1. Between a residue in segment 14-27 that is at negative phi and any residue that is aromatic (Phe, Trp, Tyr) and surrounded by 13 or more Cβ atoms within 10 Å (Cβ to Cβ), which pairs come within a Cβ distance under 8 Å, given they are 6 or more apart or on different chains?
2. Which of the residues belonging to segment 132-145 are surrounded by fewer than 18 Cβ atoms within 10 Å (Cβ to Cβ) and not acidic (Asp, Glu)?
3. From the list Ala70, Ala102, Ala60, Ala50, pick out the single residue that is in the same structural domain as Leu166 (by TED's automatic domain parsing), surrounded by 19 or more Cβ atoms within 10 Å (Cβ to Cβ) and of a type in the set (A, V, I, L, M).
4. What are the residues in segment 95-128 that are more than 25 Å from Val53 (Cβ to Cβ) and among the aliphatic types (A, V, I, L, M), if any?
5. Could you check segment 33-100 for helices (runs of 4 or more DSSP H) lying wholly inside it with 2 or more residues that are among the small types (Gly, Ala, Ser), under 28 Å from Ala136 (Cα atoms) and modelled with pLDDT of 90 or more?
6. Considering only residues that are out of contact with any helix residue (DSSP H, G or I) (no Cβ under 7 Å at 6 or more places or on another chain) and of a type outside the set (Ser, Thr, Tyr), look in segment 85-108 and name the one that is farthest from Ala37 (Cα to Cα).
7. May I ask you to list the residues in segment 153-168 that are over 16 Å from Ala114 (Cα atoms) and either of a type outside the set (Gly, Ala, Ser) or in contact (Cβ under 8 Å) with a residue 60 or more places away in the chain (or both)?
8. For Glu176, all conditions in the list (1) farther than 21 Å from Thr54 by Cα; (2) surrounded by fewer than 15 Cβ atoms within 10 Å (Cβ to Cβ) hold save one; what is the number of the exception?
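The values are calculated or read from the model by the stated rules, or taken from the named source; none is laboratory data. What you see is a predicted model; the values in this text were computed from it and never measured. Neighbour counts are summed over all protein chains in view; Cβ atoms, including those assigned to glycine, are modelled from backbone coordinates with ideal geometry.
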Amino acid sequence: MDKKRLEDLLSRGQKAEKLLKEGHARESLKAFSELCADLEKSGDFDSYMAAKVTLGILRAHVKLGDFKGAFGVWNAHLEDSLHGIGIYALESAQTTVQDMVAYDMLCAFLHTLADSEKSFAGSAVSQYLSRVCEQALEEGDRSIMRLAISNWKQHYREIFGASTPLEFVKPLVHFEKELGEAVKPLPIDFPWGSPWEKPNDFLEMSRFAEIKKVKRPSKKQKAG
């Protein structure tokens, strides 16, 4: 991919994300989908670009309440489409930490809607948000930690109702104590990923993706 085309793609991605941030989710999804179609038609893209586009499309579907569309992207197979490559890249450390945190929090939310047993959904939420909180602790990012804990409480309420089993409460209580303050549950929200600027170390990130790959919970399709 030549430099001019890369700059154009990154600019288009940034504009699509700006639309989403400004509340124009439908227009954002259209812009992301057009960018995705361009990449698939040309075949000239890498896993970083696939991850960024896929994350944008996934978030736009969630914002629109189009959970069928979100599950379609989230469950895409590697060999089937750019979305499959993008999901693989997001789960294989081939983009930025900020993008992976945003993706983990979206995954935790989607597990609350999936057609699965309560214990499976609760375990998945705990794994994803424990990882987010560990990263936030390491970086001293209290705002992300508050958001993750708030979402965590809301997700458990959705899954378990008023009585969450102790085994699931323990990791949540642990991270709230690490934060050092009680977190009041607020409406579910997600952090933004990194700007559409390709990291200088991307080639190294890609080369060692298999070594750094993190085990994530299995996914379940949404009922219906």
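1. Gln14/Trp196; Ala16/Phe32; Glu17/Trp192; Glu17/Trp196; Lys21/Trp192
2. Leu137, Gly140, Arg142, Ser143
3. Numbers: Ala70 fails: in the same structural domain as Leu166 (by TED's automatic domain parsing); Ala60 fails: in the same structural domain as Leu166 (by TED's automatic domain parsing); Ala50 fails: in the same structural domain as Leu166 (by TED's automatic domain parsing).
From the options Ala70, Ala102, Ala60, Ala50, the qualifying one is Ala102.
4. Ala121, Val125
5. On the way: elements: 47-64, 67-74, 82-90.
Output list reads 47-64, 82-90.
6. First, the residues of segment 85-108 that are out of contact with any helix residue (DSSP H, G or I) (no Cβ under 7 Å at 6 or more places or on another chain): 88, 91, 96, 98.
With of a type outside the set (Ser, Thr, Tyr) added as a condition, the list becomes 91, 98.
Details: Glu91: 22, Gln98: 25 Å.
Top of the filtered list is Gln98.
7. Lys153, Thr164, Pro165, Leu166, Glu167, Phe168
8. That leaves (2) as the condition not met.
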